[in-house]
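Trainee: First, the structure itself, so that you have it in front of you.
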Amino acid sequence: MKTWLSWTLGAISVVCGGWTAEAQHRNPDAQIVIWGHLGAPGTAEIESRLEEVITERSGEPDRIRDRYAVGITQPRLLVFQPERPNGAALLLLPGGGYQRVVIDKEGIESAERFNQAGVTVFVLLYRLPDEGHEQGQNVPLQDAQRALRLIRSGAVDATVDPARVGVIGFSAGGHLAGSLATRFDAGVYDQRDTVDDVPARPDFAVLVYPVSRMSGPAVHTGSRNRLIGEHPDPATVATHDLVSAARSDAPPLFLLHAADDLAVPVENSLDLFRANRARGVPVEMHVFAEGGHGFGIRFAEGLPVGDWPDLVLAWMERGGFLAD
């Protein structure tokens with residue numbers, strides 16, 4: 001079995017990385033650096049002073065992994081292929097408050113669950129906005145647009161149906177997924193190659209306990225401050241607030257939240273539901289009494305909210321996204 005380090009590209013430091021190749025954990029089937037030899041926009045100015053670090057938070061990494069990444073300069077897709085792909089694909093954007101990118105809890109574990117239904121999953125390790133990048137507030141969306149274009153182009157996996165490419169995001173990753181669903185045509189980077197001719201609009205979007213508000217009582221201040229600063233001007237707030245940015249040609253939307261979420265209040269999803277419904281966007285929402293924040297797969301087990309992947313898959317099937 002290949003270890004994590006054998007899959008990475010570039011110089012990486014691992015903090016507390018105490019797991020071995022013998023541990024029974026799923027590793028990516030492939031890994032794709034999304035900007036290739038061209039490098040991510042603006043990276044040359046920061047690459048020499050920013051080092052990628054992967055930190056393991058689990059006390060028992062041989063049994064369960066709980067890693068996150070910071071300092072990402074080579075954003076990349078971790079590809080998880082099902083045994084019997086049905087053509088559906090998900091670009092998966094883990095959370096981390098725009099301070100880190102969670103790898104296992106919301107990334108790989110969710111990918112494995114959707115693999116079981118035949119969905120090919122691409123976990124994106126995206127650049128973080130508050131690490132000194134020249135266009136900090138745009139770098140996550142730059143990576144998300146590029147990743148979706150790569151997936152849809154067939155350059156990553158030829159089994160993917162270009163008409164059934166969706167996005168799923170968690171927490172701040174939910175904000176990024178929502179930004180992709182509303183700013184898919186925003187010119188946040190200059191064209192690099194023919195891949196950038198491919199539309200970046202996802203065919204459907206799934207937002208799990210998403211950050212959506214950039215102002216008001218429901219705002220997650222940490223995510224907001226790292227993305228657009230503590231005192232953004234009204235125009236910047238309007239651009240990045242998913243409720244303000246709602247548009248009638250956004251893709252069908254699935255929202256999931258727990259009412260007892262103390263980190264990202266449920267109003268983030270409730271407001272988003274109302275805004276998209278008012279604009280005629282097909283939207284489905286599920287609110288559970290229990291679950292808190294950041295439950296992913298592992299912390300939802302044994303609770304009603306633990307059925308959330310099945311709800312998403314049933315919605316995808318009804319929408320014609322799961323299979324031909």
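Where a number appears in this text, it was derived from the coordinates with a stated rule and is not lab data. No experiment lies behind these values; they were computed from the predicted model shown. Here the Cβ positions follow ideal geometry from the backbone for every residue, glycine too, while neighbour counts run over all protein chains shown.
Trainee: Would you mind calculating the relative contact order of the chain from Cα pairs under 8 angstrom and at least 6 residues apart, reporting the percent as a whole number?
Mentor: Values: 698 pairs, mean separation 45.6, N = 324.
It rounds to 14 percent for the chain.
Trainee: Here's a follow-up. May I ask for the distance between the Cα centers of segment 284-324 and segment 235-254, given as a whole number of Å?
Mentor: The distance from the Cα centre of segment 284-324 to that of segment 235-254 comes to 22 Å.
Trainee: Could you tell me whether the chain comes out rounded, prolate or oblate from its Cα gyration tensor? Rule is a ≥ b ≥ c as square roots of the eigenvalues, rounded for a/c under 1.5, then prolate if a/b exceeds b/c, otherwise oblate.
Mentor: Rounded is the answer for the chain, as its axis ratio a/c remains below 1.5.
Trainee: Among 286, 231, 257, which one shows the highest mean-square fluctuation when the chain is modelled as a Gaussian network with alpha-carbon springs under 10 Å?
Mentor: 231
Trainee: Please return the longest range in the chain lying between exposed loop sites, taking trypsin sites (Lys or Arg not before Pro), DSSP loop only, at most 15 other beta-carbon atoms within 10 Å, and leaving the sites out. Each step should come with its number before you reach the end.
Mentor: Numbers: sites that count: 2, 26, 57, 63, 192, 247, 279.
Segment 64-191 is the longest.
Trainee: Same structure again: Out of 85, 304, 75, any idea which swings most in a Gaussian network model of the chain, alpha carbons joined below 10 Å?
Mentor: Of 85, 304, 75, the most mobile in the Gaussian network model is 304.
Trainee: Can you put 297, 32 in order of Cβ neighbours within 10 angstrom, beginning with the fewest?
Mentor: Working: 297 18, 32 21.
Sorted ascending by nearby Cβ count, the order is 297, 32.
Trainee: Is there a quick way to get the dipole size of segment 52-117? I mean about its Cα centre, with the Cβ of Lys and Arg at +1 and of Asp and Glu at -1; what is the value in debye to the nearest 20? It would help to have the intermediate numbers written out before the result.
Mentor: On the way: 9 positive and 10 negative charges, 30 e Å.
Here the size comes out at about 140 debye.
Trainee: Quick one: order 68, 189, 209 by neighbouring beta-carbon count within 10 Å, fewest to most.
Mentor: Details: 68 23, 189 19, 209 29.
Lowest count first: 189, 68, 209.
Trainee: How would 223, 248, 179 line up from fewest to most surrounding beta-carbon atoms within 10 angstrom? Could you put the intermediate results ahead of the total?
Mentor: Values: 223 29, 248 9, 179 26.
The fewest-first ordering by Cβ neighbours comes to 248, 179, 223.
Trainee: Dipole magnitude of the chain about its Cα centre, charges +1 at Lys/Arg Cβ and -1 at Asp/Glu Cβ only, in debye to the nearest 20?
Mentor: Numbers: 29 positive and 42 negative charges, 55 e Å.
Value, rounded to 20: 260 debye.
Trainee: Shifting gears a bit: Binning every alpha carbon pair distance of segment 187-324 at 10 Å from zero, what are the percents per bin?
Mentor: For segment 187-324, the binned pair fractions read 11, 34, 36, 16, 2 percent.
Trainee: Give the long-range amide H neighbours of residue 291: residues separated by 5 or more places, or on another chain, with amide H under 5 Å away, using H modelled in the peptide plane at 1.01 Å from N.
Mentor: For residue 291, whose amide H was placed from the backbone, the distant partners under 5 Å are 260.
Trainee: Now, a different point. Connecting C-alpha atoms closer than 10 Å in a GNM of the chain, tell me which of 87, 174, 59 has the biggest fluctuation.
Mentor: In this elastic network of the chain, the residue with the biggest mean-square fluctuation among 87, 174, 59 is 59.
Trainee: State the answer as a single residue: which of 81, 97, 61 lies farthest towards the positive end of the charge dipole of segment 59-98, with beta carbon charges of +1 for Lys and Arg and -1 for Asp and Glu, about the Cα centre.
Mentor: 81
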